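Data block below; observations after.
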Amino acid sequence: MTFGAEPFVHPALFYRDEHEYLAGTVAFVRAGLASGEPVAVAVPGENLRLIQTGLGADAGAVRLLDMREAGRNPGRIIPAVLRSFADAQRAGRRVRIIGEPIWAGRTPVEYPACVQHEALINAAFQGREVTVLCPYDATRLDERVLADAHATHPLVILPGSAQERDSAAYAPEHVVARYNEPLPAVPDALSFRFTAPSLPQARRTATAEGARLGLTDR
């Protein structure tokens, strides 16, 4: 699999505080709006409110999504958030998206799918006129997460800097392989044996069990 190539641009923005976060994200959005580019922002709710306030009246021209809801299932972020927005735009227009799929509250069970998502973006958008900026909290996220961000993004913006630079650690294929492991077994998981005639019952059982565990249809 080949990852990452122009015209797709995929930088990681490392930030240490709200000032650095806003300096990087708001400038990115305003540059897109000034160029007539469609812009979407999908970040956790508290950061979404920061960006919305920082943009002021310009926020009305941006598609705003709370990643805690839209990206609750990491496997849905590329098709349902990023591609959904990019594919809806007129052909030939560069699209800008801020996507923050990894934050300090993500669980260890969620993280492997999140980091694989970041690696696979490079293949999903190869050759597309799209820029996806991914913020990373350099203060609250652990070193492994920050190292993985360098491996999944061809470009990085270091804390306190506004300049993109090549990531010397870029190796998304290795990240996909490293985290491509089965989920741990759940001893008390529901088990239901079925045959072709009982397939409808199996579907109803799976749906009911998902609802009991708090899953939604998203």
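Data overview
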quantity	calculated
Point-charge dipole on Cβ atoms (K/R +1, D/E -1) for the chain, about Cα centre, debye to 20	760
Acute angle (nearest 10 degrees) that the helix 143-152 long axis makes with the longest principal axis of the chain, alpha-carbon atoms	80
For region 1-63: rounded, prolate or oblate by the Cα gyration tensor [a/c cutoff 1.5]	oblate
Nearest-ten-degree value, helix 111-124 long axis tilted from longest Cα axis of the chain	60
Surface accessible to a 1.4 Å probe, per residue, for the residues of the chain, Å²	54
Gained length - LEU215 relative to SER191, 0.36 nm times residue gap less alpha-carbon distance	6.9 nm
5 angstrom amide H check on VAL130, placed H, neighbours 5+ away	PHE8, VAL9, VAL95
Gyration tensor (alpha-carbon) shape descriptor, region 133-180, a/c threshold 1.5	oblate
PHE192, PHE85, PHE8, reordered so the largest accessible area comes first (probe 1.4 Å)	PHE192, PHE85, PHE8
Sequence-distant residues sharing a close amide H with SER167 (under 5 Å, placed H)	LEU155, VAL156
Accessible surface of region 124-187 [probe 1.4 Å, protein heavy atoms]: carbon and sulfur percent	53
Length released on extending from THR53 to ALA162, taking residue separation times 0.36 nm less the Cα-Cα span	37.2 nm
Helix 45-55 vs. the chain, principal-axis angle (Cα, 0 to 90°, nearest 10)	20
Choice from ARG193, ARG49, ARG63 with maximal GNM fluctuation in the chain (Cα, 10 Å cutoff)	ARG193
Chain lengthening between ALA31 and ASP142 when straightened (0.36 nm per residue, less Cα-Cα)	36.9 nm
Virtual spin-label span in nm between ALA88 and GLU173, 7 Å along Cα→Cβ	3.5
Per-selection Kirkwood Rh - the chain (Cα, Å, 1 d.p.)	18.6
Relative packing of peptides 10-21, 73-84, 201-212, 103-114 - highest average C-beta neighbours within 10 Å first	10-21, 73-84, 103-114, 201-212
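The values are calculated or read from the model by the stated rules, or taken from the named source; none is laboratory data. These numbers were taken from a predicted model, which means no experiment stands behind them. Using ideal geometry, Cβ is built from the backbone for each residue, glycine included, and neighbour counts are taken over all protein chains shown. Protein only, heavy atoms only, side chains kept; ligands, DNA and RNA dropped before computing areas. Shrake-Rupley method; radii C 1.70, N 1.55, O 1.52, S 1.80 Å.
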